[in-house]
Amino acid sequence: MAGPVADIREISGSDLISALHLAQQAPAILGQESGSGFTSNSSETADYYARLEQLLLACLRTGDDQSAHTCLNRLSLRFGPSNERIMGLRGLYEEATAKDQSALEKCLQEYDNTLSQNPVNVPILKRRVALLRSLNRPSDAISGLIQLLDAIPTDAEAWCELADLYQSQGLGPQAIFSLEEALLIAPNSWNIHSRLGELLYICASDGDASRLLGRSVQHFSRSIELCDDYLRGFYGLTLASTRMLDNDYAGVSGQLPKKTLERLKAFALVKLGEIVESPSIDDQHWASSRSELIAAKELLNRQ
Amino acid sequence: MAIQGAEQTILRDPALFYWILFPISIVMILTGILRHYATVLMNTPPKSPSTLAESRERLALLRGVNLRNNACSVLDRESFEMRKNYMVTGFRNGAFLKDPNNRGQPPANPMTDPAGMEAMMGMLKGNMMMMIPQTLIMSWINAFFSGFVILKLPFPLTIRFKSMLQSGVMTRDLDVQWVSSLSWYFLNLMGLQSVFGFILGSDNAANQMAQQMGMANPAAMVNPLQPGQDPDKLYLNEAENLEVMEHFCILDGVEERILQNFAPTGI
């Protein structure tokens, strides 16, 4: 029992390798739990269903549709097929196992039907947006998401998705606005801070670049302040401060003096070096962010 | 008055322990457990909004509160002013209301409003769950065990505790250490929380499953509006709160701050 639990805790990240590891344990977890699931006390079963849900996602990602189906059936046996979250998971399963374009279109039809019965079915609303996006209809996805956010403006996840969609359409300022909204809901999430920094850095190519770059540096700094060893934050800080120095924005109308920027850059480089060299780098923990590590090493080599 | 220093002795039948003290405690614990499960059984989950406009009416207020609380850690002046103006105008115009045409009319009578009725039923059920067993047990104890002195505390107490420990026994001279059966009931009523915590896990252990499935979207479930409350009034209030806000931003000077706090010396 202890083994699988520990493993699941570790794969909260979205990398494929650990999802694969988890999915390979599916027969063991599904077989062993069938007898004891209901007899243990309530907190354990709550855990058990959370694990089933994760297992379902991992199995779908790795193509083990059989186990995924078993998971889904167990979940809907417990919570009933009309539970909103179960409906969302079922939709996800249908989408993942859809053979061709027309099957996906049918899923979309299904979602619209469900929504006409209950317009505030949030998991289905979100699935619909995701499906529209994967059908390559980003403008429909954006309008669907705006509709969702108009009704539920306190959903940080949806704001982040909207920012991502806007960015994919090249609408920088709108994406920045959406991420700011997400940050207003979760003001201490360092990953969103650094994401906003990245967006500002990308958008800084046109318009008032110096102001946007300055804000980008601020948000990267804030993400570092919130999480002191945050690789992405340091990476972004290095890039943003380098660009500010290169373009001579230092000292322009309310910007940081050149000396501070240079110190920031040096500090970020030192920290990047420390993180890349640190002995814990080969841990399981870093498996999900290997690409980030490689990028950081490459940046260090270039300097 | 009790004579100072002299130990009062009362000859108690040891059967008092088995036939009064013990049954009262057991019954109290059992009713507590029963009540817990009955509450879980009768608990109706909070009603989720049925239309998008209703959901917006509920959550717009939270959005205003979020802006007020968190703006200082995210927004620079320009975007803050923009959002503030938007929210204040929206609150003032009633743009976030479920049906803006009904604005200014007195709120529907909660007795006739089905949603309000449901919420009131919920409250009523909760209260009943507390009231009925207590009345029953108390009258049971009063009928069978009133006037018994069943317990002597091993430590002395001041005279103030007399009314707490000896209700139902009208003896002025009795030492405060003696506890009457009715008082034992009250002590159990107040003091068994930790026992229940031990037996039932934590207080909401049985509710956990429902909460977990609701967690798919906790944001959509919250309802800041009490039944019968006029959202328009809350909005106007919030608009006022937003208007008086002074902008400041903790991002100002964050670069120096991290250099000072995290950077090694010599950079």
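Quick notes
Quick grid of which residues meet (1) part of a helix (DSSP H, G or I); (2) modelled with pLDDT of 90 or more; (3) more than 21 Å from A:TYR235 (Cα to Cα); (4) not hydrophobic (A, V, I, L, M, F, W, C):
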{"site": "A:LEU162", "(1), (2), (3), (4)": "yes, yes, yes, no"}
{"site": "A:TYR166", "(1), (2), (3), (4)": "yes, yes, yes, yes"}
{"site": "A:GLY170", "(1), (2), (3), (4)": "no, no, yes, yes"}
{"site": "A:GLU181", "(1), (2), (3), (4)": "yes, yes, yes, yes"}
{"site": "A:ILE192", "(1), (2), (3), (4)": "yes, yes, no, no"}
{"site": "A:GLY197", "(1), (2), (3), (4)": "yes, yes, no, yes"}
{"site": "A:GLY207", "(1), (2), (3), (4)": "no, no, yes, yes"}
{"site": "A:GLY214", "(1), (2), (3), (4)": "yes, no, no, yes"}
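- Count of segment B:168-199 residues which are under 17 Å from B:LEU21 (Cα atoms) and either touching a strand residue (DSSP E or B) at 6+ places or on another chain (Cβ under 6 Å) or assigned to a helix (DSSP H, G or I) (or both): 18
- Residue in segment A:162-177 that is of a type in the set (Asp, Glu), within 20 Å of the chain's Cα centre (by Cα) and closer than 29 Å to A:LEU89 by Cα present: yes
- Qualifying residue in segment A:131-151 (condition: away from every other protein chain (no Cβ under 14 Å), small (Gly, Ala, Ser) and outside any helix (DSSP H, G or I)): no
- Pick from segment B:240-266, criterion assigned to a helix (DSSP H, G or I) and at the interface with chain A (Cβ under 8 Å from one of its Cβ atoms), ranking: nearest to B:PHE80 (Cα to Cα): B:VAL254
- Residue in segment A:236-249 that is farthest from the other protein chains (Cβ to nearest Cβ), counting only those that are surrounded by fewer than 24 Cβ atoms within 10 Å (Cβ to Cβ) and touching a residue at least 12 places away in the same chain (Cβ under 8 Å): A:ASN247
- Residue within segment A:252-260 that is buried (at least 20 other Cβ atoms within 10 Å of the Cβ) and either in a helix (DSSP H, G or I) or charged (D, E, K, R) (or both) present: no
- Qualifying positions in segment B:35-93 - at the interface with chain A (Cβ under 9 Å from one of its Cβ atoms), among the hydroxyl-bearing types (Ser, Thr, Tyr) and outside any helix (DSSP H, G or I): B:SER48, B:SER50, B:THR51
The values are calculated or read from the model by the stated rules, or taken from the named source; none is laboratory data. Please read all numbers here as calculations on a predicted model, not as lab measurements. Every residue, glycine among them, receives a Cβ derived from its backbone with ideal geometry; neighbour counts consider all protein chains shown.
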